[in-house]
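Following: one structure in C-alpha cells, then a few remarks.
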Amino acid sequence: MTTARRHSGARLRAAAGAAALIFAAFGAAAWGILPAPAAAQEPLRIEITEGVIEPMPIALPEFAPGAGAEGIAQEVRAVIAADLTGSGLFRVIDPNAYLAPGGSVDARPAFENWRVINAEALGVGELGYGDDGRLSARFQLWDVFGGQPLGQGIALRAAPGDARRIAHKIADQIHLALTGEPGYFDSRVAFVAESGPKNAREKRIAIMDQDGANVRYITDGRSLALTPRFSPTGESLVYISWATGVPKVVIHDLRAQRSEVLGSFPFMSFAPRFSPDGGRVLMSLSDGGNTDIFEMTLASRSLRRLTSGPAIETAPSYSPDGTQIVFESDAGGAQQLYVMPAGGGTATRISFGDGRYGTPVWSPRGDLIAFTKMLGGRFHIGVMRTDGSQERLLTASWLDEAPTWAPNGRVLMFFREGPGAASAPQVWRVDATGRNLRRAAMPGAASDPSWSALLP
Amino acid sequence: MNLIRPLAFGLMALGLAACSTNTPETTSVAPAPQSLDPSSVAYFNAEVGDRVFFGTDRSTLDVEAQSTLRRQAAWLLDNPTRTAVIEGHADERGTREYNLALGARRASAVRNFLVAEGVPAGRLSSVTFGKERPEALCSAESCWSLNRRGVTVMTDGPTS
C-alpha cells in the first residue's frame, strides 16, 4: 500500500471564521498562480480509513519570524510538528536535512530542494507581532511533486497567549488538506487527575489541551469526583462529585467557573452526558438500588424517565443526530449494549459476542460505537457498527476502559491500568483502525478522558 | 457466634497484610479489647461486624451476611440514637459507572435487610463508591472478595 494516494476531485473546504482566533483564507492568487485544472494534477491525498502504515513525509521549515518573534515562531512550528507526528499520519522530516530555509509565504518554493529530500508536502509559514501587539501568522501548504499550492493559505491573528492555538489550527488545516477530513488538534481533553495510594486516591477533575499543555484543575480534590464530559460547545462540563456525601451530577461553567448540582431529587445520580444540542443531560439515577436512565432539560431542570425495570441501565450516549441513545444494561444477566430511541422506548440489544460490554460512546461521525469489553479477565477497547455488526477490538490489557472520540471520529482516548497496589491509570490513544497505540501526553496519572469538539 | 467473629476478622486482617503493600485500615478488623463499651462504634465495628461481602457481580446476601446484618439490626435497635450510612463497594474488575450502580444495589440490599429487621428506614441512608475505594489492594480474588462489600458506617454519636 502506498502512503499517499492521489484522487481526483478533492477540494479544500474554506476555513471557518472564529471569534477568539481570527482566521481567514487567502488564495493561491496571492502568488500569481492560477489553480491548475482539476484533471491536470490530482491533489496529494492520504487515506486514513484503513490505517496509515507509512506516514507521509512533510517538510516543515522554521517559520519566518517578525521582529521579536523568533522564539514564539520556533514554538509554533514545534507544536505543529508534534501534532502531525503524534497523529501517526505524517512524518516531519528532520530540519537538518533541509537544503534551504522555508522562505517567504508569498514566494513560490524552489520545489527541487524539497523533492531531493523526498518531502511530499511542504509547509511554509511566517509569524510576527502586529502593531496592536497581537500575533499574526500566515501559512501555505504545497504539493512538492505536483508543484502546486494545497488549498488556500490561511492567515490567523490571536493574542500572544494563544500561540499554541495558532499552531493547532495550522496543524488542523494541514490534516484537512492532506486527508480531506478535519483534524482534532485544536481541542481539549477533560480528565480525572489521580494521585495518592490506591485505597485513598485523590481524584480531581481537570482539563488540558489535547497535547497535554495548559492543564487546569476544576475540582480541588477534597471530595471524590469522576467522569467529566464536555458540552458540545466546550463551554461546560458535567461530572459527578461526592461533595454532598453521595454521587451527584454537577454542571460546571468553565467561563464563570461556577458549579451546580443538577437536580434536587434525593437519589444518587451519575453517568452524565450532554445531548448533541447541549440543552439536555442524560444521567443515571439510583432509586432504592435500581439504576435507570433519565434525561434532564437544562432550561427547566425537568426530569424525564427513559428506562424502567429492575436491571441496571447506565452509561447512556446520544447518537450525533440526537435520534437514538446507546446505553448498557444487565437486563439479560450481564452488561450488554442496547440502543433505544431518544425519549425512551423499545431498546434493541446490539452486543452479542462473548463477555460483557460497557461504556458505549457514539462516534461524532455517527458510524461507529466505541465500548469497553471484558472477556476472560482482559479488558478491551473496541468499536462496532451502530447495529452491532463488524465488532473490532482495538486494544487488550489488564484494564482498558472508557473510550472517548476525537472530534473527527478517527482517534480514541481511553485509560489503562495495570494490576497491583502500586498501579495507577494512564490515558492512552489509538486510531479507530487499531493503529498508532500510544500514551497520551498527560500531566500524570489520569483516567476518564473526555475529548471536546474542535474549538471555534 | 460472638466468639467466632473476632477470629474470622483476624484471619481477614492476615489476608490483607499478605496481599497489600499498604498498611490496611485496621479500625474495623482489629480484635476488640475486652473493655469496649457495647454501645461504642468500635464495639459495633469489631464485635458486631460492620460489613458483609458479596459474590462477583452479585448483590444477594448469603447466610453469613444475613447473620451479620441480624446482629447489626439488634445493635441498632439497642442504640436507638444511632444513624448510619450504608456504603456499597465493588471490586476493580468492572467498569466505573456499572460498578457505581452495582455498589448502589449492594448498599440497598443491606439497607433493605436492616429495615426488614425493624431498623427505622429514616436512620439509614446509602451511598455507592463503586470500585473507587478498595480496602484490599492486591489484584487477586483474595482481595476482590474483601472489596465487594457493604459497610455500615455510623454517622453520629461518639466515635470511640
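The values are calculated or read from the model by the stated rules, or taken from the named source; none is laboratory data. The structure presented is a predicted model; accordingly, all values stated were derived computationally and were not measured. Counting neighbours? That spans all protein chains shown, and the Cβs are built from the backbone with ideal geometry, glycine included. Note: areas computed on protein heavy atoms with side chains; ligands, DNA, RNA excluded. Shrake-Rupley method; radii C 1.70, N 1.55, O 1.52, S 1.80 Å.
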Original post:
Can you tell me which residues in segment B:116-160 are free of Cβ contacts under 8 Å to residues at least 60 places away in the same chain and open to solvent by 50 Å² or more (accessible area, probe 1.4 Å)?
Top reply: B:Ala116, B:Glu117, B:Pro120, B:Gly122, B:Ser125, B:Arg133, B:Glu141
**OP:** Tally the residues that are under 20 Å from A:Pro456 (Cα atoms) and over 22 Å from the mean Cα position of the chain (by Cα), restricting the search to segment A:213-256.
**Re:** 1
Original post:
Looking at segment A:242-279, which of the residues that are at positive phi and out of contact with any helix residue (DSSP H, G or I) (no Cβ under 7 Å at 6 or more places or on another chain) is nearest to the other protein chains (Cβ to nearest Cβ)?
Top reply: A:Gly245
**OP:** Considering only segment A:291-301, state which residues are of a type outside the set (A, V, I, L, M, F, W, C) and either out of contact with any Asp or Glu (no Cβ under 9 Å at 6 or more places or on another chain) or not assigned by TED's automatic domain parsing to the domain that holds A:Leu262 (or both).
**Re:** A:Glu295, A:Thr297, A:Ser300, A:Arg301
Original post:
For A:Ile154, which of the numbered conditions (1) away from every other protein chain (no Cβ under 14 Å); (2) touching a Pro at 6+ places or on another chain (Cβ under 6 Å) fails to hold?
Top reply: (2)
Subject >> Selected residue (only one of A:Arg392, A:Arg378 is out of contact with any Pro (no Cβ under 9 Å at 6 or more places or on another chain), within 13 Å of chain B (Cβ to nearest Cβ) and open to solvent by 10 Å² or more (accessible area, probe 1.4 Å)) >> reply: A:Arg378
**OP:** Out of the residues in segment B:84-104 that are touching a strand residue (DSSP E or B) at 6+ places or on another chain (Cβ under 7 Å) and either farther than 23 Å from A:Val249 by Cα or among the charged types (D, E, K, R) (or both), state the one that is farthest from the other protein chains (Cβ to nearest Cβ).
**Re:** B:Ala84
Original post:
Is it the case that segment A:310-318 has a residue that's touching a residue at least 40 places away in the same chain (Cβ under 8 Å), hydroxyl-bearing (Ser, Thr, Tyr), on the phi > 0 side of the Ramachandran plot and at the interface with chain B (Cβ under 10 Å from one of its Cβ atoms)?
Top reply: no
Original post:
Any residue in segment A:411-428 that is open to solvent by 10 Å² or more (accessible area, probe 1.4 Å) and under 16 Å from the mean Cα position of the chain (by Cα)?
Top reply: yes
Original post:
Within segment B:117-141, restricting attention to residues that are within 13 Å of chain A (Cβ to nearest Cβ) and assigned to a helix (DSSP H, G or I), which residue is farthest from B:Ala74 (Cα to Cα)?
Top reply: B:Glu141
